[in-house]
2 protein chains.
Amino acid sequence: MARPLLYDYWRSSASYRVRIALNLKAIAFDRVAVDLVAGAHRSPAHLAVNPQGLVPALEIDGQILTQSLAIIEYLDETRPEPALLPGDPMARAKVRRLALAVACDIHPVSNLGVLARVGALAGPQARTDWNRDNIAEGLEAIEAMLDHPGFSGRFCHGTEPSLADCALVPQLYNAARWGVDFAHLPRISAVSRACGGHPAFVAAHPDQFDPSREARAFEGERA
Amino acid sequence: MARPLLYDYWRSSASYRVRIALNLKAIAFDRVAVDLVAGAHRSPAHLAVNPQGLVPALEIDGQILTQSLAIIEYLDETRPEPALLPGDPMARAKVRRLALAVACDIHPVSNLGVLARVGALAGPQARTDWNRDNIAEGLEAIEAMLDHPGFSGRFCHGTEPSLADCALVPQLYNAARWGVDFAHLPRISAVSRACGGHPAFVAAHPDQFDPSREARAFEGERA
């Protein structure tokens, strides 16, 4: 069986979610970098992979899957260990709602296309304010949602990483990039610390896939 | 066991999704109307129900669930008949990706709060253009995604309604409201026709819950 092939972009939150899940399940994968800034996601070649023109897409088990949360659910159903969703339906719903609160309510309103449109309508400062306000408000809500009996003080639900952590950690990376502080949110800060020290999350971090860093490393090899 | 209690708003797409799913599973429910236009979703009472200040929320089995897709997955896991997801993991992923393409990529960029912000930044015409462009582009992508072997020519996947139809049909209602035509998209039009004739979808339609219609009906009763 071929190794799964991930079409991703190093800074894409949705790609980062899937990288975390693949690493948590110790699934080795290859990568096709799709440069969103250069518009590669709108090429006919990429549209044949994903008609939405988005990343990530994962070629696995002979087919191509898209939508990060659908991909992670598929991985969890076909490679169940370690589980990224609890067994109890109510607990599963609580984990899914955290992931969806990021994926439906924070991330889409801050994606590159939306921000470009805001910038075109109202200028760069409006674009920055839009994005910071959206992320800050979204994280306040997540903090309140983490006030639940399943919160362990480390991960979003229970004592091991779940689908919710796969979704939240990339959003925290985005928050930091845009100067949105979350140090005053103790539960989110605790998740950030726990995941920041977890090898599956470290290996999925965008910095590991930064093309300029990769180029520098290559230069170093040649030197 | 108490009947499930749905906190919803008649025109909210995400609420409409859950009403369809409840009807498909023949689960009788009571409703609490949360008037988004009047700001009732930001009241302390509603924030205690849902810290995100959104609808829907469903009180069921002694707890409150939020996020429409998490609610529908919970209903499908605890009340499995009729199934809203297929049994095969790859097919489940294909259904989920359609639902997520609506819930993550079309709906959030057209929600009331985002549109209000666009209107404040750039005026009412920019707001209308933003929304129409977003819905039209999103539906083009969905049409391409429906070009898959599981498309039956009636529902999004297979010969019975699924999670994907629960998500798509409310988005088509929104498209029509905003004057976004989809008659040139044959697969979406076929889904619209099939679901438009299905009693679970008819009973969930926003028109059934329009407060002005309800008020008129009440006037009629008094007359």
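For this structure, a couple of remarks:
- When the range A:155-166 is filtered for residues that are touching a Pro at 6+ places or on another chain (Cβ under 9 Å) and without any contact (Cβ under 8 Å) to a residue 60 or more places away in the chain, only A:Phe155 remains.
Residue by residue, here is whether (1) farther than 23 Å from A:Asp165 by Cβ; (2) within 15 Å of the chain's Cα centre (by Cα); (3) not assigned by TED's automatic domain parsing to the domain that holds A:Ala176 holds:
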residue	(1), (2), (3)
A:Ala93	no, no, no
A:Leu98	no, yes, no
A:Ala101	no, yes, no
A:Cys104	no, yes, no
A:His107	no, yes, no
A:Val118	yes, no, no
A:Leu121	yes, no, no
A:Ala126	yes, no, no
A:Trp130	yes, no, no
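- Residues that are polar (S, T, N, Q) and more than 25 Å from A:Ile64 (Cβ to Cβ), drawn from the range B:137-191: B:Asn174, B:Ser189
- B:Val180 outside any helix (DSSP H, G or I), of a type in the set (Val, Ile, Thr) and at pLDDT 95 or above: yes
- Residues located in the range B:128-179, provided they are surrounded by fewer than 24 Cβ atoms within 10 Å (Cβ to Cβ), closer than 23 Å to B:Met90 by Cα and in contact with a Ser or Thr (Cβ under 7 Å, 6 or more places away or on another chain): B:Ser152, B:Phe155, B:Gly158, B:Thr159
- Meets criteria (surrounded by 14 or more Cβ atoms within 10 Å (Cβ to Cβ), touching a strand residue (DSSP E or B) at 6+ places or on another chain (Cβ under 9 Å) and farther than 30 Å from A:Gly53 by Cα) for B:Glu59: yes
- Condition met for A:Ala136 (closer than 20 Å to A:Ala200 by Cα and either of a type outside the set (Phe, Trp, Tyr) or in a helix (DSSP H, G or I) (or both)): no
- Residue satisfying condition, being over 15 Å from the mean Cα position of the chain (by Cα), at pLDDT below 95 and more than 28 Å from B:Glu77 (Cα to Cα), within set B:Glu137, B:Glu221, B:Glu143: B:Glu221
- Pairs with Cβ under 8 Å, 6+ apart, first in the range B:1-22 and among the β-branched types (Val, Ile, Thr), second assigned to a loop (DSSP other than H, G, I, E, B): B:Val18/B:Pro56; B:Ile20/B:Pro161
- Considering A:Ala103, A:Ala93, the condition of being within 10 Å of another protein chain (Cβ to nearest Cβ) and free of Cβ contacts under 8 Å to residues at least 40 places away in the same chain is satisfied by A:Ala93 alone.
- The set of residues in the range B:181-204 being within 17 Å of the chain's Cα centre (by Cα) and under 23 Å from B:Pro108 (Cβ atoms) consists of B:Ile188, B:Val191, B:Ser192, B:Cys195, B:Phe201, B:Ala204.
- Members of the range A:24-45 found to be in a helix (DSSP H, G or I) and buried (at least 20 other Cβ atoms within 10 Å of the Cβ), listed by number: A:Leu24, A:His41
- Restricting attention to the range A:46-74, the residues that are assigned to a helix (DSSP H, G or I), within 16 Å of A:Asp30 (Cα to Cα) and either among the small types (Gly, Ala, Ser) or more than 8 Å from chain B (Cβ to nearest Cβ) (or both) add up to 1.
- For the range B:88-103, the condition of being surrounded by fewer than 22 Cβ atoms within 10 Å (Cβ to Cβ), part of a loop (DSSP other than H, G, I, E, B) and on the phi > 0 side of the Ramachandran plot holds for none of the residues.
- Matching option when the condition is in contact (Cβ under 8 Å) with a residue 24 or more places away in the chain and not assigned by TED's automatic domain parsing to the domain that holds A:Leu24, among A:Asn134, A:Asn111, A:Asn50: A:Asn134
- Among the conditions (1) within 11 Å of chain B (Cβ to nearest Cβ); (2) under 21 Å from A:Ser68 (Cα atoms); (3) buried (at least 17 other Cβ atoms within 10 Å of the Cβ), the only one that A:Gly113 does not satisfy is (3).
- Condition broken by B:Pro82, with the remaining ones in (1) part of a loop (DSSP other than H, G, I, E, B); (2) more than 10 Å from chain A (Cβ to nearest Cβ); (3) more than 18 Å from the chain's Cα centre (by Cα); (4) without any contact (Cβ under 8 Å) to a residue 60 or more places away in the chain satisfied: (4)
- Taken over the range B:183-199, the residue count meeting the criterion of being in a helix (DSSP H, G or I) and either of a type outside the set (A, V, I, L, M) or not assigned by TED's automatic domain parsing to the domain that holds B:Thr159 (or both) is 8.
The values are calculated or read from the model by the stated rules, or taken from the named source; none is laboratory data. All of these numbers come straight from a predicted model, not from anything done at the bench. Because the Cβ atoms are built from the backbone with ideal geometry, glycine has one as well, and the counts that use them run over all protein chains shown.
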